[in-house]
Each structure stands twice: as C-alpha cells, then as structure tokens.
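What follows is calculated from the coordinates using simple rules that are stated; it is not laboratory data. The structure presented is a predicted model; accordingly, all values stated were derived computationally and were not measured. Positions of Cβ are backbone-derived with ideal geometry, glycine not excepted, and every protein chain shown enters the neighbour counts.
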Amino acid sequence: MKKAILAIVVSLLVLTTTVIWIMYAGSVSWGEFLQYLVIFVLVIFGFFAAWRRLTSAKRGEPAEDELSKKVVQKAAALSYFISIYLWLVIMYLTDKLKVETDIMFGWGILGMAVIFALSWVFFHFRGIRNE
Amino acid sequence: MNNRIRELRARHNLTQDELARKAGVRRETIVFLEQGKYNPSLKLAYDVSKVFGLMIEEVFIFEEESN
C-alpha cells in the first residue's frame, strides 16, 4: 500500500512539474514535444503500477510475490545493460551535434526510464523460464 | 518443467484467484505457472503442492534437458 501511494505521489509530482514546465516554455519545439510525450507515457506507467498494487490489495493478494520481484530484478538488470549503450549513443551524438549538457542528461534519464518500463513489460509478458 | 496445476485446480474446484490466495501469491503467478512461463522456487512449489495435499513431485514434473 505504501509503495502504491509513493508511486502515485511521484507520478503526480512529475505531472505537476511537467505542466508548469509546459506553461512557461512558450513556443514548443519538436524535441520538447517529444520529451513531454515520453514524460506522459512514464507518468501513465507510474499510475498503472500503483493501480496494480491497489487492485491486488483489494483482492486480498500480496502486492509483491516472488515472480513480480524477479520480473523487476530482471528488468532492472536488462535496462542497466541497455542503458550503457544508450549513454554511449548520447555521448556520440552530443559530440557530433553539439547538444547542451543539460539536454543530454534530460534525454539520458528519460531514456533510462523508458528502457526500464519496456524491459518490465517484456519480462511481464514473456515470463521467466528455466531459472 | 511441466506441472499439473490446471488439472488439479479443476479437480479441487478452485479458481486461479482462490489458489493464488491459498498459496500466498498473485493470480498472475498462477497463470504463468499454468502456462509453463515460470519455474517456481522450491518454497512456492511446496506451497502450491500443499494446497492440493500432494507431494511436490506429484504436481511438478521435472524433465531433464537433453543436450
């Protein structure tokens, strides 16, 4: 229950900050629009994670069990591995396109979050066999 | 690893929800076990077998991989 509330609070904070950012942004470039889109997808993922925990609690099931913990562990390991290559690509592009450091970090952090979400979805639907 | 969870669940007239609650796991875990998408830990295998009143080897069938 605590983790579900935490996920909702964090998602709401991210959403509020993004809305404030959009309000003060003025004209929006394609890059910024893409960033907003990715942030909204991540916020939806956060709400989905909280909703899963709350519905489990309602049904009298544990919020976490050995499979869900393993899925998170595997997703974290895979996303860490892929993120190394993401940073490599970002560093290469930063050098080539002369992107500012804060924008590079923004894309890096967003990319890592997206990779983790996709890894989680992958293991959640594929399952974990022969381990 | 194969298992007889679906068959035993039907024989005991249990839904996936009920079995999950009795074994102390989420319903998704039972779904994945039935589909053979997850090999349980020894503890979970024991807990599921205990619900059916059987030994682990009567519920879970281990097949050695031929290399």
Share (percent) of C-alpha pair distances in region A:1-63 greater than 18 Å works out to 45
Yeah, chain A with a ≥ b ≥ c from its alpha-carbon gyration tensor (a/c under 1.5 is rounded, else prolate when a/b outruns b/c, oblate otherwise) is oblate
Classified through the alpha carbon gyration tensor (a ≥ b ≥ c as square roots of its eigenvalues; rounded if a/c is under 1.5, else prolate when a/b is larger than b/c, else oblate), region A:41-111 comes out oblate
Per-residue Cβ contact counts at 10 Å, fewest first, order A:Glu61, B:Glu7, B:Glu63, B:Glu34 as B:Glu63, B:Glu7, B:Glu34, A:Glu61
In deg cm²/dmol, rounded to the nearest 500, the helical mean residue ellipticity at 222 nm of the protein assembly as shown, built from -39500 (n - 2.57) for every DSSP H run of length 4 or more, is -25500 deg cm²/dmol
Fewest to most Cβ atoms within 10 Å: A:Thr18, B:Thr29, A:Thr101 sort as A:Thr101, A:Thr18, B:Thr29
A chain fully extended from A:Phe33 to A:Phe125 at 0.36 nm per residue, minus the present Cα-Cα distance, gains in nm 30.1 nm
Taking alpha-carbon centroids only, region A:4-58 lies from region A:78-131 a number of Å equal to 18
The orientation-averaged projected area of the Cα convex hull of region B:6-67, in nm², is 4.3
Any lysines whose Cα falls less than 25 Å from that of A:Lys70, other than same-chain ones fewer than 8 residues away, would be A:Lys2, A:Lys3, A:Lys58, B:Lys22, B:Lys37, B:Lys43, B:Lys50
